[in-house]
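Novice: Encoded as structure tokens, here's the structure I'll be asking about.
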Amino acid sequence: MTVTATWNGTVVAESDHTILVEGNQYFPEDDVRVDALEKSSTSTHCSWKGDASYYSIVVDGSRNADAAWYYPEPYDAAKDIKGYVAFWKGVEVSGTNQDTPEIRPAGR
């Protein structure tokens, strides 16, 4: 089955190759509509994944600020999500992939 990310009635990502991390589906960049993303200056830090960068989603003239994030240079524990994007802030993520790998921090 395919995992889909939808915002404002528009599919912004769709993939059979997501990775699950802490309840969030991460989509390969090749399966994300990059034309709906704008780079953001926002960044955050995760103690086991590294520094995250953000995108805003723009669809039909509406903007959802910082609604997608990715790790440009993830730490070794999360190295498999390099080149992947996750969503939040009202983006509906639905579906599952039977063989979706799950990454967890050490000790969890």
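What follows is calculated from the coordinates using simple rules that are stated; it is not laboratory data. Remember, it's a predicted structure, so these values are computed and weren't measured experimentally. So basically every Cβ, Gly included, is an ideal-geometry build from the backbone, and we count neighbours across all protein chains shown.
Novice: Separation between the Thr44 and Lys82 pseudo-spin-labels, each 7 Å from Cα along Cα→Cβ, expressed in nm?
Specialist: Once both label points are built, they end up 2.3 nm from each other.
Novice: Now, a different point. Averaging sequence separations of C-alpha pairs under 8 Å and six or more residues apart, then dividing by the length of the range 3-96, give the relative contact order as a whole percent.
Specialist: Relative contact order for the range 3-96 comes out at 29 percent.
Novice: Hey, another quick one. Looking at the calculated P(r) for the chain, what percent of the C-alpha pair distances fall above 18 Å?
Specialist: Of the Cα pairs, 45 percent sit more than 18 Å apart.
Novice: Please list, in chain and number order, the residues 5+ apart from Val85 or on another chain whose amide H is under 5 Å from its amide H, with Hs placed from the backbone.
Specialist: Counting only residues 5 or more places away or on other chains, the set is Phe27, Glu29.
Novice: If you don't mind, there's one more thing I want to ask. Based only on other Cβ atoms within 10 Å, what is the fewest-to-most ordering of Arg33, Arg63?
Specialist: Fewest to most other Cβ atoms nearby, the residues stand as Arg63, Arg33.
Novice: Neighbouring Cβ atoms within 10 Å as the yardstick, rank Glu22, Glu102 fewest first.
Specialist: Placing the least packed residue first, the sequence is Glu102, Glu22.
Novice: Using a cut-off of 24 Å between alpha-carbon atoms, which lysines can reach Lys89, once sequence neighbours fewer than 8 places away in the same chain are excluded?
Specialist: Result set, ordered by chain and number: Lys39, Lys49.
Novice: Using a 7 Å offset from the Cα along the Cα-to-Cβ direction at both Asn24 and Tyr75, what is the distance between the two label points in nm, to one decimal?
Specialist: Each label point lies 7 Å from its Cα, and together they span 1.5 nm.
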